[in-house]
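One structure is given below, encoded as structure tokens.
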Amino acid sequence: MTSRTGPEPSPFSPGYGRRPLVFGGHDEELAELTAVFETLDFGENQSVLISGLRGAGKTSMLAKLQDSAKDNGWLVISDDASAGLMDRVMETAVPTLLSELSHEARGRLTGLGIWQLNAQWEYVDRHREVKPLLRRDLVALSAELATQRRPAGLLITIDEVSSGKVRLRELSRFALEVSHAISEGANVMIVFAGIKVDLDALVEQEHTTFLRRSRELDFRRLTPRQTQHVLAESIHIGGKQIEPEALTLLVTISQGYPYLVQLAGDFAWRSSGSSSTITTADAHAAHSRAITAVERRVISRVYQDLSDKDQEFVTAMAADEGGRSKIADIVRRMGVSDQYVQVYKKRLIESGYVQADGRGHVVFSLPYLGDYIRSMTAEPSGAPVSDDWGDFPPPSAHAPA
Ligand SMILES: Nc1ncnc2c1ncn2[C@@H]1O[C@H](COP(=O)(O)OP(=O)(O)OP(=O)(O)O)[C@@H](O)[C@H]1O
Ligand SMILES: [Mg+2]
């Protein structure tokens, strides 16, 4: 055993796809989906769409669902919606799942003539005489899982749904195969995650009727209570204490935005060094660093996800420093018709960027987006940059003869 001295490692995990130690909120949804893994009673949960802005916790939710499915004996296929999805699933994911099944199960499955297994019942190839279809793989695997002592199913998670034309076509082909498997009775749950506009574009594709009936989980902010729980519990598990006032300050800084909760907690933890208590001074020290980091890593990407017109809309909003904008002002600033602005407003509200706030007004639902836009559109200050290099100008390329 080595004894470690110095600061305790941070229990926070700021970063895309980094699972939080304490997962805040979404208890009801998690309980309902976990119940499906236990009972195979799918209800409205055969297909699920998880939408939310960047850093809202979609990938972390998928990871929770995968764990819960596996705990209940389910097989899990998880992939991103990038090109080659179907091939990866059929040529790598499914064979890997086969190899995890018992010898007897593999023996039974070869009888179906879908896969070619060798004498050790290991996957070799696909039988060539039939056109390989994902739906057959899923139906066969599901049938096998259903005969287990404890019947189980298959969870498929597809992250990073984005709206490139080619990708959407491939995704909808994938979804079609899954829907066929489901209509043939396979116990399959499929969960897609992405930003709202991209998921909407997917659902609009051909052959995705069954996705239109999906359950939608829209990830927004955590509540103040949930935020406080994530911070306090992480700090407790990490082995420190936090002054109540410092905790409240971190809740306020993070505004319940999951990525920012992790950043604020992490900076405060680091600021406390080897002390066993996180103080208000630590929380103050975390403030500006956390905001700078979230703007660079998250908010800038959130902004870039918007179309040019949507960007114009939020930029027109950002002119109101108070954070609340009158629709009539936005119409005037954008110099377009009222109906036109209504269309953008509706879309931005649906995708979680903006909230209606009283009649004829909107506010940013994502804290700090307004500040970010203002900082980008601010006139650069006239002062010359001084960085000490002024005293060392580059030598002329042509030295005088
Ligand atoms: N429910 C939660 N409670 C606490 N922290 C969370 C929660 N969900 C996510 N986080 C933290 O937030 C950050 C972003 O999470 P995640 O990568 O899951 O977001 P995302 O929605 O998938 O983002 P993107 O759209 O960019 O893929 C990570 O640091 C993660 O640890
Ligand atoms: Mg993600």
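The values are calculated or read from the model by the stated rules, or taken from the named source; none is laboratory data. All figures in this text were calculated on a predicted structure; none of them were measured in a lab. In this analysis, Cβ positions are derived from the backbone assuming ideal geometry, glycine residues included, and neighbour counts consider all displayed protein chains. The accessibility values were calculated without ligands, DNA or RNA, using every heavy atom of the protein model including side chains. Shrake-Rupley method; radii C 1.70, N 1.55, O 1.52, S 1.80 Å.
The residue list Glu104, Glu44 contains one member that is within 28 Å of Ile349 (Cα to Cα) and open to solvent by 30 Å² or more (accessible area, probe 1.4 Å), which is Glu44. Here Glu38, Glu8 are screened, and the one residue that is within 16 Å of Ala69 (Cβ to Cβ), more than 16 Å from ligand 1 (Cβ to nearest atom) and either of a type in the set (D, E, K, R) or at pLDDT 95 or above (or both) is Glu38.
When only residues in the range 145-162 that are hydrophobic (A, V, I, L, M, F, W, C) and more than 16 Å from ligand 2 (Cβ to nearest atom) count, which is surrounded by the fewest Cβ atoms within 10 Å (Cβ to Cβ)?
Our first condition is that a residue be hydrophobic (A, V, I, L, M, F, W, C); within the range 145-162, this holds for 145-146, 152, 154-156, 158, 161.
Okay, now just the ones that are also more than 16 Å from ligand 2 (Cβ to nearest atom), so 145-146, 152, 154-156.
Working: Leu145: 22, Ala146: 14, Ala152: 21, Leu154: 23, Leu155: 25, Ile156: 24.
The residue in question is Ala146.
Filtered by the rule that a residue be open to solvent by 10 Å² or more (accessible area, probe 1.4 Å) and hydrophobic (A, V, I, L, M, F, W, C), the range 254-286 gives Phe267, Ala281, Ala285. In the set (1) in a loop (DSSP other than H, G, I, E, B); (2) open to solvent by 50 Å² or more (accessible area, probe 1.4 Å), Arg167 fails one condition alone, (1).
Every listed requirement among (1) open to solvent by 40 Å² or more (accessible area, probe 1.4 Å); (2) farther than 16 Å from Glu160 by Cα is met by Arg54 save one, (2).
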